[in-house]
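Read the structure below first, then the notes.
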Amino acid sequence: MQSESSEQVRSVVAATDTRGKHRISAELKRLEQETRFLEEELELLDKMEKASAACKEMLSNVETRPDPLLPVTHGPTNPYWDRWFEGPQDSSGSLRLPVKKSLRTLVVKATASDLDESQSSQVLVTDNGSGGVLSSATQEYGSNNVGSIEVDTVTEAELKENGFRSTRRTKLICTVGPASCGFEQLEALAVEGMNVARINMCHGTREWHRMVIERVRRLNEEKGFAVAIMMDTEGSEIHMGDLGGASSAKAEDGEIWNFTVRAFDPPLPERTITVNYDGFAEDVKVGDDLLVDGGMVRFEVIEKIGPDVKCLCTDPGLLLPRANLTFWRDGKLVRERNAMLPTISSKDWLDIDFGIAEGVDFIAVSFVKSAEVIKHLKSYIKARARDGDIAVIAKIESIDSLRNLEEIIQASDGAMVARGDLGAQIPLEQVPSEQQKIVQLCRQLNRPVIVASQLLESMIEYPIPTRAEVADVSEAVRQRGDALMLSGESAMGQFPEKALTVLRNVSLRIERRWREQKRHEVIELPSIASSFSDSISEEICNSAAKMANNLEVDALFVYTKNGHMASLLSRCRPDCPIFAFTTATSVRRRLNLQWGLMPFRLNYSDDMESNLNKTFSLLNARGMIKSGDLIIAVSDMLQSIQVMNVP
């Protein structure tokens, strides 16, 4: 009995040892497999590093040239850009690109680009459904850590909450002043939709303006906005002084005020206004009408005593520091002396140097009389700015501007309809037709246009606008101007955020109604191309916008280095939003002025296949697009039109 029991124990022990040996053997095999896997991974990484080095050497020696005409082919087939390097290798050691057939694509490709012709644009062309070889350049691109995208915080929130069709197309500009210069106030304006912050060099010191610029830059860096900065020059036209430091003064009907060229230490004598033009007392005559700020206040000249001009207030109103002055005689504007004044004064040149040093995005030039002034300023900026990437905006606010309108707009990077000062030089009833003419001409010439001055003037003092002001804003939106601008409403008004909210809500309402009625515009856009390559870009954008409307796509994607093709798409005013991807932060901010553009900063390659897959991955991860969304994509690297569903 005891021997039988001992035998059973030995049998159990033997069986246990056998099972233990099997477990140990299995574990050893698993470890050997993991070791081989790690060795393969290391070998793959080593090949990728060598390919990267070879690519850099190749790119350093390559002779750049424009691309030849490419045939019609199929487009991107791999929606998983982050899995490129999981594919097997071919006999040459190059990585094979895995294929996903679920991505429906139609691609039309052309030549060249709107970039400098010295830049080459290599592309990856694959056979849809059969895969393709990933070049060493693409291997290097995919191995770099460039998987990030910069998008405006408000834009991202609007897309997530309301979708593509509910995004605002008209851009909004706020003049920064005492009522809106704090960091929290600037942030509140950015949240409400401010795309561009304007600083007016007529008011404040350069130190104050530098502080505002620093706060806007900090706002962009810390809070994720993309607010651009526009600097507006004072101009050399006749204007009032600083009112002795007062923020404003009230002129009542029947009061006598003294306009003088003499200098006074503050405080100024009661009812005294200094004038910046030394010849003022000589030029005016008794009986002339003196208009302040385009007619907001009116005086009649009743007496001249040396450098002093006594004036009777006939139309009372609020006097603001450094307001513009014009005088009329026998119902006509007196402009002989004004025409002799330079467009850019000595102070303006110092302010321009300041703007260049601070890296502003736009410089708006006041009282432009001819295209030569714009050309001279642009050459000056190009010679002094680090990268010459500052756009020049021509302010249309004088008779001279209207006489040379097309040449001025053609020479500039954009225009502003400054209706306040313009209305002081032409009959008031002429202002609406001139505004429409300027807006249409800017669009035809592919220049962004800003409608400015007195949009919501009553909201300087009151929390709601007049119904006439809302109708005026609605008309500007219907005319498809690129941007609307607040002046005193946001600079010194009591309700800057509410005023901006009114602009945003009116813009959204009018744009939505336009889309619901499917009122595709039939405005004829003349060709503006100066070369064959530009003609291709123009035709591609015109066709892409038309396709977007007909197919009711969710968004247009454009990959652009210098912003040109993005602006061509904006010019067409398609129904859907335009996602503009650029590698340069300055270009991204500058595009923030143009109608319908949502500028993103994204590092991308010259390979449209990888760019699209990467973009889909990044935007989908942030909830800004979803699978099935219909997209049309164009590019200035490889001029093409691609229609696809997001995988």
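Restricting the range 206-264 to residues that are at positive phi and not in a loop (DSSP other than H, G, I, E, B), the residue that is least open to solvent (accessible area, probe 1.4 Å) is Leu243.
Checking Thr560, Thr583 one by one, the residue that is under 26 Å from Gly359 (Cβ atoms), polar (S, T, N, Q) and open to solvent by 10 Å² or more (accessible area, probe 1.4 Å) is Thr583 and no other. Residues in the range 265-287 that are open to solvent by less than 40 Å² (accessible area, probe 1.4 Å) and among the small types (Gly, Ala, Ser): Gly279, Ala281.
Out of Gln430, Gln435, Gln479, one residue alone is open to solvent by 40 Å² or more (accessible area, probe 1.4 Å) and at negative phi. It is Gln430. Taking the range 320-414 and the strands (runs of 3 or more DSSP E) fully enclosed by it, the elements with 2 or more residues that are under 27 Å from Gln454 (Cα atoms) and modelled with pLDDT of 90 or more are at 362-365, 391-396.
Got at least one residue in the range 510-518 being within 27 Å of Leu186 (Cβ to Cβ) and either open to solvent by 10 Å² or more (accessible area, probe 1.4 Å) or in contact with a Gly (Cβ under 6 Å, 6 or more places away or on another chain) (or both)?
First pass over the range 510-518, keeping only residues within 27 Å of Leu186 (Cβ to Cβ): 510-511.
Subsequent filtering for residues that are either open to solvent by 10 Å² or more (accessible area, probe 1.4 Å) or in contact with a Gly (Cβ under 6 Å, 6 or more places away or on another chain) (or both) retains 510-511.
Within the range 510-518, one or more residues are within 27 Å of Leu186 (Cβ to Cβ) and either open to solvent by 10 Å² or more (accessible area, probe 1.4 Å) or in contact with a Gly (Cβ under 6 Å, 6 or more places away or on another chain) (or both).
In the range 608-616, is there at least one residue being open to solvent by less than 10 Å² (accessible area, probe 1.4 Å) and under 23 Å from Glu516 (Cα atoms)? For the range 608-616, residues open to solvent by less than 10 Å² (accessible area, probe 1.4 Å) and under 23 Å from Glu516 (Cα atoms): absent. Against the numbered list (1) in a loop (DSSP other than H, G, I, E, B); (2) modelled with pLDDT of 95 or more, Leu186 comes up short only at (1). Of the listed requirements (1) under 21 Å from Ile393 (Cβ atoms); (2) within 21 Å of the chain's Cα centre (by Cα), Gly177 misses just one: (2). Within the option set Arg403, Arg467, Arg419, being of a type in the set (D, E, K, R) and crowded, with 20+ Cβ neighbours inside 10 Å holds for one residue only, Arg419.
The values are calculated or read from the model by the stated rules, or taken from the named source; none is laboratory data. Everything numeric in this text was worked out from a predicted model, so none of it was measured. Cβ coordinates were reconstructed from backbone atoms using ideal geometry, including for glycine residues, and neighbour counts include every protein chain displayed. Quick note on the areas: whole protein, heavy atoms, side chains included, nothing else; ligands and nucleic acids left out. Shrake-Rupley method; radii C 1.70, N 1.55, O 1.52, S 1.80 Å.
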